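The values are calculated or read from the model by the stated rules, or taken from the named source; none is laboratory data. The model shown is predicted, which means the values in this text are computed figures rather than measured ones. Positions of Cβ are generated from backbone atoms using ideal geometry, with glycine treated the same way; all protein chains shown enter the neighbour counts.
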């Protein structure tokens with residue numbers, strides 16, 4: 001059963017700058033997480049510098065960039081802004097309201113499964129992505145698996161671990177810092 005650990009990047013230095021790197025606090029958070037991180041067979045990130053840097057600090061390496069971890073969200077959250085999305089329940093509401101959000105989540109789950117199948121049966125993948133890009137598919141999968149997933153939106157370096165068997169997800173757990 002491969003495992004996919006998909007986490008949000010650590011704290012970035014410039015909120016409005018897509019090419020920003022991590023703050024000193026973000027680097028320290030990722031380095032702290034690295035001390036208790038398992039061994040990863042594959043380490044991937046989105047193409048943005050903060051995601052690549054987070055992956056390198058947590059796992060000690062970056063095996064590749066996965067453009068699928070930075071898909072265009074378009075209007076999937078409607079007129080909301082990310083700051084308003086404080087809880088996983090807020091994201092779940094978007095999924096209930098918007099077909100494009102449900103489609104986005106399903107497409108992202110396919111990317112996650114494709115990445116998880118690149119490793120052996122007992123291997124683990126670390127994937128670094130971004131807020132919103134993680135919450136929507138995680139909630140969708142949790143509902144499909146009838147697993148409660150609640151609390152705050154994923155903060156820096158938080159996300160989910162998904163267990164796969166025969167190419168299908170069988171378990172999802174939130175990982176918090």
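With respect to residue 2, determine if the residue is surrounded by fewer than 16 Cβ atoms within 10 Å (Cβ to Cβ), within 22 Å of residue 161 (Cα to Cα) and in contact with a strand residue (DSSP E or B) (Cβ under 7 Å, 6 or more places away or on another chain).
Taking the combined requirement at face value, the residue does not satisfy it.
Scan 60, 68 and give me the residue that is at positive phi and in contact with a helix residue (DSSP H, G or I) (Cβ under 8 Å, 6 or more places away or on another chain).
60
Scan the stretch 36-50 and report the pairs whose first residue is surrounded by fewer than 15 Cβ atoms within 10 Å (Cβ to Cβ) and whose second residue is at pLDDT 95 or above and in a loop (DSSP other than H, G, I, E, B), with Cβ atoms within less than 9 Å and a gap of 6+ or a chain change.
Listed by first residue and then by second, the contacts come to 39/123; 47/66.
Do you know which residues across the stretch 166-177 are at pLDDT 95 or above and more than 11 Å from residue 109 (Cβ to Cβ)?
Matches in the stretch 166-177: 170, 171, 173, 174, 175, 176.
Considering only the stretch 158-177, state which residues are without any contact (Cβ under 8 Å) to a residue 40 or more places away in the chain and either under 21 Å from residue 73 (Cα atoms) or assigned to a loop (DSSP other than H, G, I, E, B) (or both).
Passing the criteria: 166, 176.
Is there any pair linking a residue in the stretch 112-123 that is in contact (Cβ under 8 Å) with a residue 40 or more places away in the chain and at negative phi to one that is in a helix (DSSP H, G or I) and surrounded by 13 or more Cβ atoms within 10 Å (Cβ to Cβ), with Cβ under 8 Å and at least six apart or on different chains, and which?
Short answer, once both residue conditions are applied: 112/137; 114/68; 115/68.
Can you name every residue in the stretch 133-146 that is in a loop (DSSP other than H, G, I, E, B), in contact with a strand residue (DSSP E or B) (Cβ under 9 Å, 6 or more places away or on another chain) and farther than 19 Å from residue 37 by Cβ?
Hits for the stretch 133-146 are 133, 145.
Answer yes or no: is there a residue in the stretch 147-157 that is farther than 30 Å from residue 28 by Cβ, touching a helix residue (DSSP H, G or I) at 6+ places or on another chain (Cβ under 6 Å) and outside any helix (DSSP H, G or I).
For the stretch 147-157, residues farther than 30 Å from residue 28 by Cβ, touching a helix residue (DSSP H, G or I) at 6+ places or on another chain (Cβ under 6 Å) and outside any helix (DSSP H, G or I): absent.
Could you tell me which residue of the stretch 15-30 is surrounded by the fewest Cβ atoms within 10 Å (Cβ to Cβ), considering only residues that are without any contact (Cβ under 8 Å) to a residue 24 or more places away in the chain and assigned to a loop (DSSP other than H, G, I, E, B)?
16
Would you mind finding the one in 8, 12 that is without any contact (Cβ under 8 Å) to a residue 40 or more places away in the chain, in contact with a strand residue (DSSP E or B) (Cβ under 7 Å, 6 or more places away or on another chain) and under 22 Å from residue 174 (Cβ atoms)?
After applying the criteria, what remains is 12.
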